[in-house]
Amino acid sequence: MDPHRSLRASILFALGAAGCSSSSTASTGSGEPAVVAIATPTATASAEPEPPPDPEPDADRGRPVSKGIGWITEKDGSVHRGSRTTCDTAIQKTTCAGTENHLSCRADADCKSGPNGRCTSGIGQVGTYCSCTYACEKDEDCGADEVCVCRGTGTLSAPHSVCAKAACKVDADCPESSCGLSVFNNGCHEQVSLACRTKADACHTDAECHGRAGARGGGACVVRGVGTRDAASLQWECGYRSCVIGRPLVVGGEARAAGTASREDWRTSADIDIESLSPDLRAALAEHHAAAAAMEHASVASFARFSLQLLALGAPAELVAEAHRAALDEVEHARLGYGIASRFAGRALGPSILPEATAPLAADMVGVVEALVEEGCVGETLGAAEGMELERRAADRGLAEALARIAEDEERHAQLAWRSLKWLLEVGGEEARCAARRAFARAVSQYGRDPEDGPVVREDLGVLSARTLGRLRREVLAEVVEPCRAALGLAS
C-alpha cells in the first residue's frame, strides 16, 4: 500500500514527469520503490514526566530575584541576562568527512557566510550530506537587534550558540524588570528571543503553562512580537505547538502570525458536535485551531509577497496568477479555521492586526529559491499530506469536510511551489540549483524530527500527536519530496 501515491503523482504530473510517479528515487529491481532513509529520533523516556508543581505566587514577578553577570537562572527556572558575555563557539555536530552523498561544503574554509563556520555532516532524505553551521561568540557576531545566546542556556536545544532577536540585551535595559530569555519549539523550529519582563505578563515560568487546562506538557512561557515594528505588541504568554505546515509568513527568520481577537468577520459557520466534550477540552481545542487559523491568515500575506517576488524576477503570467489565487484560498482557509475555533470556544474568534505583512521584501534569486524550497516545496507538500491525514482521522463530518477543503487546496499550492522552483532553476542556473540543494538539506533536518505534543491531542478532532505527525513527515519526505527533487535533477 502506498498512502502518498496520489500526492506524489499530482506533483510529478505538474512538473511534467508523470512517468516517474510510480517509484521513489530509484528502483530496487524488484518493481518495488526504493525507500530513502530518514533519521528517526531515539526515544529518551517511556512515560511522560510529571509536570513540575505550580510555582509560588510572586508579588513582584516583573523584577529579577537576583543580580549577577552573564546568564542568570532563577530558582523557578526563568532565565535573564545580567550582562553581556562571551560564548564558546564549539559546534557539537559531526565534522564533514567528504564522503557524504551531497556536499554543500567540503571543509570549514568553505563556510564564510557567518562567524565561526564549520562544515558539518547530517543525514536525511537526501542520504548523508554536508552543510555549513555557524556559531556566535559575542553580540557583535550577530545583527544590530540581536544577541548571542550561549549553547546550553536555559532550555536552548541547539548544539551551538545562536543569534537571537532582542528587544532588550541586558537587565539594565529594563529599569523596572529583567531582560528575559524566551526559548520555544513551536513544532517546526526553535524560536529564541529576549524581552523585558513585567508584572502584566500572562505567565512568568514554563511551569505555569504546564498547569493550564487540558495541558499535556510541552508548554512554555514565551514572548511574542520581538523584531516587529510595534514594541507595544510585545507580550509574554503561554505557547504550545502551533506550527501548521504550509507557507508561513517568515520575517527575520521567524514565522509570524496575528494574535486572536473577538470578531465576527473572519469565520464561517462550523457544524461540529461539541456537546459531549468537557469545557476544558473545548478550550484547548479552540486554542489549537485558532493558532492554526492564524497561520492560514498569515499565509495570505506570504502568497502576496511571493507574487511580488515572481514579478520582480520576470516570472510567467500563469505562475503570478496562481500565486494570487492561492492567497484567496488562504483567506477561506483562515475563515474555516476560525470558524472551527469559534465553535469550540463558544464565541466568535478572528485575527488581530498583522503589521509584519508589510515588512521589507527582498527578491534576490538565491533568497527566493531557498525560501520557496523550505516553505513551499517541502512545507506545503507536508501540509497537503497533513491535511489528508487529519481528514481521514476526523470523526465529525463537519470537521472532516472543512479539513478536506483545506487539504485539496494545499495540494494545488504544493504543485505551484514545485512548478515555480522548476522555472527558477531554468532561469537561475547553477546558483539557483546550489541554493535549492542547501535548502532541501536544511528542510529535512528541520522536519525529520518529532515535534512536541501541544496542550491537547485528539486526532479525531483535528489535532495529531507528535508521534503521528513526525512519522507522517518522514514518510512524505522520503516518498514524495525526494522523487520530486529527483525529477528536477536535484537528487544527490
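None of the figures in this text is laboratory data; all of them are computed from the coordinates on show. Computed from a prediction, not measured in an experiment: that's the story for all the values here. Quick reminder, even Gly has a Cβ in these numbers, built from the backbone with ideal geometry, and neighbours come from all protein chains shown.
Compute the FRET efficiency between Arg471 and Ala261 as 1/(1 + (r/R0)^6), taking r as their Cβ-Cβ distance and R0 = 51 Å, and round to the nearest 0.05. Between Arg471 and Ala261 the formula returns 0.90.
Think of each Lys and Arg Cβ as +1 and each Asp and Glu Cβ as -1; about the Cα centre, that makes the dipole of the stretch 244-492 roughly 320 debye.
Put the Cα centre of the stretch 406-422 next to the Cα centre of the stretch 300-352 and the gap is 13 Å. The slack between Ala395 and Ala202, meaning 0.36 nm per residue of separation minus the straight C-alpha distance, is 66.1 nm. Extension gain, Leu361-Ala348: 0.36 nm per intervening residue step, less the Cα-Cα distance, totals 1.4 nm. Taking every C-alpha pair closer than 8 Å and separated by at least 6 residues, the mean separation divided by the residue count of the stretch 244-492 gives a relative contact order of 24 percent. Highest-first packing order for the peptide set 78-85, 288-295 is 288-295, 78-85, based on the mean count of other beta carbon atoms within 10 Å. The peptide list 89-95, 462-468, put in order of mean Cβ contacts within 10 Å with the highest first, becomes 462-468, 89-95. Each label point was placed 7 Å from the Cα along the Cα-to-Cβ direction; for Ala109 and Glu137 their separation is 2.0 nm.
Highest mean packing comes first when the peptides 155-165, 266-276, 318-328 are listed by Cβ atoms within 10 Å, giving 155-165, 318-328, 266-276. Using the Cβ-Cβ distance between Asp173 and Asp2 with R0 set to 56 Å, the FRET efficiency works out to roughly 0.50.
Here's the picture: a label point sits 7 Å out from the Cα of Thr73 along the beta-carbon direction, and within the stretch 146-172 the residues with their amide nitrogen under 18 Å of it are 149-162. With a cut-off of 14 Å on the backbone N, the residues of the stretch 342-379 near the modelled label site 7 Å out from Leu308 along Cα-Cβ are 355-364.
Distance cut-off 23 Å, Cα to Cα: go down the list Lys75/Lys169; Lys75/Lys199; Lys138/Lys165; Lys138/Lys169; Lys169/Lys199; Lys112/Lys422 and report the pairs above it. Listed pairs above 23 Å: Lys112/Lys422. Electrostatic tally near Glu370: other residues with Cβ closer than 13 Å to its Cβ, Lys and Arg +1, Asp and Glu -1, net 0. Around Gln92, with a cut-off of 14 angstrom between Cβ atoms, what is the net charge of the other residues, counting Lys and Arg +1 and Asp and Glu -1? Charge balance in the 14 Å sphere: +2.
Where q = 0.13 Å⁻¹, what log10 of I(q)/I(0) comes from the Debye formula for the stretch 244-492, counting one point per Cα? Result of the Debye calculation: -0.79. In this label model, Ala404 and Leu328 are separated by 2.3 nm, measuring between points 7 Å along each Cα→Cβ vector.
All other residues whose Cβ lies under 12 angstrom from that of Lys138 are scored, Lys and Arg at +1 and Asp and Glu at -1, for a net of -4. With a ≥ b ≥ c the root eigenvalues of the C-alpha gyration tensor of the stretch 251-341, is it rounded (a/c under 1.5), prolate (a/b larger than b/c) or oblate? Judged from the Cα gyration tensor, the stretch 251-341 comes out prolate (a/c at least 1.5, a/b above b/c).
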